[in-house]
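Just so it is clear, none of the values below were taken in a lab; they were calculated from the coordinates. These figures come from a predicted structure and were not determined experimentally. Using ideal geometry, Cβ is built from the backbone for each residue, glycine included, and neighbour counts are taken over all protein chains shown.
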Amino acid sequence: MSPSATTSTPLPTAPGSAELPERSQEIAQFQADVERFYRRNFLAGLVHGVFFQIADAFGNIHTVLPTFVATLTPSMVAVGLMAAVQGVAQVLPQMFTAYLLEDRPRKKPYLLWIITVRWVSWLVLAWLTYAYGAQRPGLVLGVLVTLFSLFALAGGMGAVVYADVFAKAIPAERRGRFTGLRQLIGYALAIGAGYVVKLILGNPGRFPYPSNYALIFLLSAGTLLIAFTGFALIREPVYPVQRVSRSLGELLRRAWGLARINANFRRLLWARALVTAGLALAPFYAVYAKQAVGIDPGTVGLYLSAQMAGAALSNLLWGWMGDRFGNRTVILGTSVAGGLAPLLALAAPWISPLLFLPAFFFLGATISGMRLGFPNLLLEMASVELRPTCVALQNTLLTPVTLLPLLVGGLVSAVSYPVLLLSGGLLMAASLWFGLGLQDPRHRGEGACLS
């Protein structure tokens, strides 16, 4: 992993831009800084990514939060609402953020503020759960939705900023190993977080409700604070970006043009949309297990550990595949894993309740593969100037799909769980079909984003 072991690929500039001597010198300085700060940024990025994933485990949208919401209200729509809030709030601000920060050479300070909002949100939620969870569940549910919306909005802004900082700090040919190692360590430690959740939720004598969930949320806030420290240590290389959009409207028109004229970009959008649609069922796996086989609260921690184990172990495969064969293969593997998860959950009540464990294992593999394959392929498709626009456009166009968990919550009472789970498997099969048509820009130049 020595910076001298690999030569950085020169970064493209905006089509039609003049390579003035001053700009050429700035780009040369940028390339030098990438190599100079590579070790520091690699390690600081690991600290940030690892503890962010641990925090995500403690506040997991597929296990911890659905079961907590179920203690506050019997409504399954509320369970789906949390996942829908996360999906919509994360994508709403992205195009505006991309335009606002398009010509900012340093984007790290903005993300530091965003992470602060996120860990403070969990801290406030922990206190409110402890103080009012038992006496005023309606109040806590309302505050949970509000704070989680704020948390997700900040995350949506942060996704655009982080993608740009990450792409500048870690050269393209080393992103696979960095992302794979970051998620491997993070998910491995998140397995331990699942065990901690099991100890807390499975021991009501020592950790009575609502103190048990308040403690879990406090742990999420603490690990996010450590993630903040890691990101603060990153030295962001400064690339001489230029504003290519004179207004937000122009940015939106350019973004729409990218989707309209670039068939490879559209295939990537369809593949990710179908995977996201299949994952709309994920928040209901634990609730389904409770209804179908009568699991105890502590088993939620085991499911969380299984999910994190799937994410950790699959990253050994995803990272290697991404570096060796390109991120298209990671997307294909993600679709396969995503199809196995609902089918195993479907079979569990009929064959053995133990099948819920591999269902959550493949769920973790699907989520980690989606986080590695799709973003890394998109980063390779986009030029430096278009990168924030492409990231924001991809996520913005997926906004309707992020509402599906809310729809699933409404359908649970009208449509059986087996029908929904079978539908999830079919969605992943369709994603695999679109993934087979993708062109990897690393191997075929026509797969890159057009400007």
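Observations on the model:
- Val124/Ala414 FRET efficiency (R0 25 Å; Cβ-Cβ; nearest 0.05): 0.10
- In this Cβ point-charge picture (+1 for Lys and Arg, -1 for Asp and Glu), the stretch 295-415 has a dipole of about 120 debye about its Cα centre.
- By the Kirkwood approach, averaging reciprocal distances over each pair of separate Cα atoms, the stretch 33-447 gets a hydrodynamic radius of 21.4 Å.
- Packing rank of 72-85, 415-428, where each peptide gets the mean count of other beta carbons within 10 Å, highest leading: 72-85, 415-428
- For the stretch 33-447, a simple Cβ point-charge model (Lys and Arg +1, Asp and Glu -1, everything else neutral) yields a dipole of about 640 debye relative to the Cα centre.
- Positive-end ranking of Gly301, Phe434, Gly158 along the dipole of the stretch 33-447, with charges on Cβ about the Cα centre, is headed by Gly158.
- Ascending count of other beta-carbon atoms within 10 Å, so fewest first, for Ile216, Ile295: Ile295, Ile216
- Relative contact order for the stretch 33-447, counting Cα pairs under 8 Å that sit 6 or more residues apart, in percent: 29
- A simple spin-label model places pseudo-atoms 7 Å from Cα toward Cβ; at Thr73 and Arg39 they are separated by 5.3 nm.
- Prolate/oblate/rounded call for the stretch 135-193, Cα gyration tensor, a/c under 1.5 rounded: oblate
- By the count of neighbouring beta-carbon atoms within 10 Å, fewest first, Trp127, Trp119 end up ordered Trp127, Trp119.
- For the stretch 281-354 and the stretch 195-239, distance of Cα centres in Å: 22
- By the count of other C-beta atoms within 10 Å, a proxy for reagent exposure, Tyr209, Tyr303, Tyr162 are ordered fewest to most as Tyr209, Tyr162, Tyr303.
- Anchor Lys108: lysines whose Cα lies under 27 Å away (excluding residues fewer than 8 positions away in-chain): Lys168
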